[in-house]
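Below: the structure, in structure tokens.
Read-outs throughout are calculated quantities, based only on the coordinates presented, and are distinct from any laboratory measurement. Remember, it's a predicted structure, so these values are computed and weren't measured experimentally. Cβ coordinates were reconstructed from backbone atoms using ideal geometry, including for glycine residues, and neighbour counts include every protein chain displayed.
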Amino acid sequence: MSGMASLRKEIALKVTNPIINLLAKTGLTPNMVTVTGFIITLVAAGIIVNGNLLLAGIVMLLAGVFDMLDGALARRTGKVTRFGAVLDSTLDRISEAAILIGICALYSQNGQTPEVVLAVVTLTLSLMVSYIRARAEAMGLEGKEGFFTRPERVVALAIGMMFNILVPVLVLVSVLSLITVIQRLVNVYRQTK
């Protein structure tokens, strides 16, 4: 595990452990937590379309908390399933797409074509980061290489919305996602040599 991933995991555990302990006592399943986070993300996407970026950023961070909790809850309660892993990954991709489609819709309503194109590029590169990992792992290879993964993208986009600096953040997310795509491709290449 890279230093950044290790640090991120350590911080996440300190934040989520008390919440996981509480959730484990409620009877909520990890899949329920996954679906709840997904629904909250769809709400955030709707808020984006309505133009309230500050609120959308806050709601998006709330959804991100649920995304951190589902897997940890599954491990804590012994309810790790292959279906749960696929459901989580699928809803993560749809969630990310919904947020960026919401941004596209917002910019489209305002006739901001360059910003729409930027959001589409960001969406494409974000999905490619995840696709390369999934494809590599389907071939029995390690595919987690790269420093700008989904948690970083979610936080960056939320901050961009909350501080009204979304266009520069979209550029940043696009560039860092492209670098991560290249890192993952190089890593897969090395493993196949």
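At a glance:
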{"quantity": "Binned Cα-Cα distances of the range 17-83, short to long, each 5 Å bin given as a whole percent", "calculated": "4, 19, 25, 18, 14, 10, 7, 3, 0"}
{"quantity": "Over the range 89-130, relative contact order from alpha-carbon pairs under 8 Å, at least 6 apart, %", "calculated": "41"}
{"quantity": "Phi-based couplings in Hz for the range 164-172 (Karplus 6.51, -1.76, 1.60; Gly and Pro marked x)", "calculated": "6, 10, 5, 4, x, 5, 4, 4, 4"}
{"quantity": "J(HN,Hα) series, the range 81-92, from Karplus relation 6.51 cos²θ - 1.76 cosθ + 1.60, nearest Hz, glycine and proline x", "calculated": "10, 5, 4, x, 5, 5, 4, 4, 5, 5, 5, 4"}
{"quantity": "Förster radius 30 Å - calculated FRET efficiency between Glu10 and Lys79 (Cβ-Cβ, nearest 0.05)", "calculated": "0.80"}
{"quantity": "Once exposed loop chymotrypsin sites (Phe, Trp or Tyr not before Pro) are cut out (DSSP; at most 15 other Cβ, 10 Å), longest piece of the chain", "calculated": "1-146"}
{"quantity": "Size of charge dipole - the range 1-127 - debye, nearest 20, with Cβ of Lys, Arg +1 and Asp, Glu -1, no other charges", "calculated": "540"}
